[in-house]
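I have placed the structure first, in the form of structure tokens, so that the comments after it can refer back to it.
The values are calculated or read from the model by the stated rules, or taken from the named source; none is laboratory data. No experiment lies behind these values; they were computed from the predicted model shown. Positions of Cβ are generated from backbone atoms using ideal geometry, with glycine treated the same way; all protein chains shown enter the neighbour counts.
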């Protein structure tokens, strides 16, 4: 990687750092604008999350988005007491047809500014891709702008790589025997029956190579849900009900994933959720195939584990 590319990327990071440290910078009508990004506090885009990460800052979440060619915007948890915040990458932005932001306390939504919103001194031929954001950052800081080609302006995969290692949402190819690629990690279906707590503990016995443990699976889209159902069928696993990571262990009525993330996507069966604190995915080939139902935590069920950020191995 050339020094020019490195300097351009660092300039973009500098712009984001300035925005995070200067909340009054730009237009303040609930939204915060810099020359490149718009931040909408108290809002989030739902239904299009492609991956969920834990990030230490807004900048770290931006790095996640930059490293994923499918990322068009992101939701970031800005009010929390933990050292890491939830970072949700979206496949689309609110500029896409039929998409609008929903109120979400403690979160903010981030997207590149549209040409109409950008200051006049910025280039007019602007497409909200990561490459163009970086090009614009270079211009804003007084360096020479490099005009992207037509393909570069319309292809989200045109990325300037970070000098730091990043985690992408691309499926891994080396999951190992009995494991299957899923989002940025691997999943595995288990035929033996366990209570919900025991199932999650069994998942935790698997170690992710980069650190951390396995857990009951999280599902963030209908495509994810369909993939799991298709995998069960193609691999010959029994029909039935399988524990997933969604739960209401605190008894608050708010269902969260095993890592504590509030579910941006759900696939409840008719009349659910109700009753139990655990959640199963029905895979029976019937009309409710793939739907979710609540269960008593002491019910012994099959289950699905995931290692969320790469291949995993037994202790």
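Among the conditions (1) free of Cβ contacts under 8 Å to residues at least 60 places away in the same chain; (2) in a loop (DSSP other than H, G, I, E, B), residue 220 misses just one, which is (1). Being over 12 Å from the mean Cα position of the chain (by Cα) and part of a helix (DSSP H, G or I) is the filter here; which residues of the range 57-99 pass it? The answer is 58, 59, 60, 63, 66.
Confirm whether residue 259 is surrounded by fewer than 19 Cβ atoms within 10 Å (Cβ to Cβ), touching a residue at least 60 places away in the same chain (Cβ under 8 Å), in contact with a helix residue (DSSP H, G or I) (Cβ under 7 Å, 6 or more places away or on another chain) and part of a loop (DSSP other than H, G, I, E, B). Taking the combined requirement at face value, the residue does not satisfy it.
Of everything listed in (1) outside any loop (DSSP other than H, G, I, E, B); (2) more than 22 Å from residue 227 (Cα to Cα), the single unmet condition for residue 273 is (1). Of the residues making up the range 295-315, those that are in contact (Cβ under 8 Å) with a residue 24 or more places away in the chain, closer than 17 Å to residue 194 by Cβ and touching a strand residue (DSSP E or B) at 6+ places or on another chain (Cβ under 8 Å) are 295, 297, 299, 300, 301, 302, 303, 304, 305, 306, 314.
Determine, yes or no, whether residue 266 is within 27 Å of residue 105 (Cα to Cα), outside any strand (DSSP E or B) and modelled with pLDDT under 90. Taking the combined requirement at face value, the residue does not satisfy it.
Checked across the range 228-244, the condition of being within 30 Å of residue 83 (Cα to Cα) and either more than 23 Å from the chain's Cα centre (by Cα) or buried (at least 19 other Cβ atoms within 10 Å of the Cβ) (or both) holds for at least one residue. Of the candidates 167, 149, the single residue that is modelled with pLDDT under 80, in contact with a strand residue (DSSP E or B) (Cβ under 7 Å, 6 or more places away or on another chain) and surrounded by fewer than 21 Cβ atoms within 10 Å (Cβ to Cβ) is 167.
Tell me which residues, restricted to the range 70-86, are modelled with pLDDT under 85 and over 15 Å from residue 260 (Cβ atoms). Passing the criteria: 70, 78. In the range 298-315, of all residues being crowded, with 19+ Cβ neighbours inside 10 Å and in a loop (DSSP other than H, G, I, E, B), the one that is modelled with the lowest pLDDT corresponds to 309.
The residues of the range 245-256 that are surrounded by 18 or more Cβ atoms within 10 Å (Cβ to Cβ) and part of a loop (DSSP other than H, G, I, E, B), listed by number, are 248, 255. Scanning the range 276-288 for residues that are touching a strand residue (DSSP E or B) at 6+ places or on another chain (Cβ under 7 Å) and either part of a loop (DSSP other than H, G, I, E, B) or surrounded by 21 or more Cβ atoms within 10 Å (Cβ to Cβ) (or both) turns up 276, 277, 278, 279, 280, 281, 283, 284, 288.
A single member of 222, 209 is surrounded by fewer than 17 Cβ atoms within 10 Å (Cβ to Cβ) and either modelled with pLDDT of 90 or more or over 28 Å from residue 62 (Cα atoms) (or both), and it is 222. With respect to (1) farther than 13 Å from residue 217 by Cβ; (2) surrounded by 14 or more Cβ atoms within 10 Å (Cβ to Cβ), the lone exception for residue 270 is condition (2).
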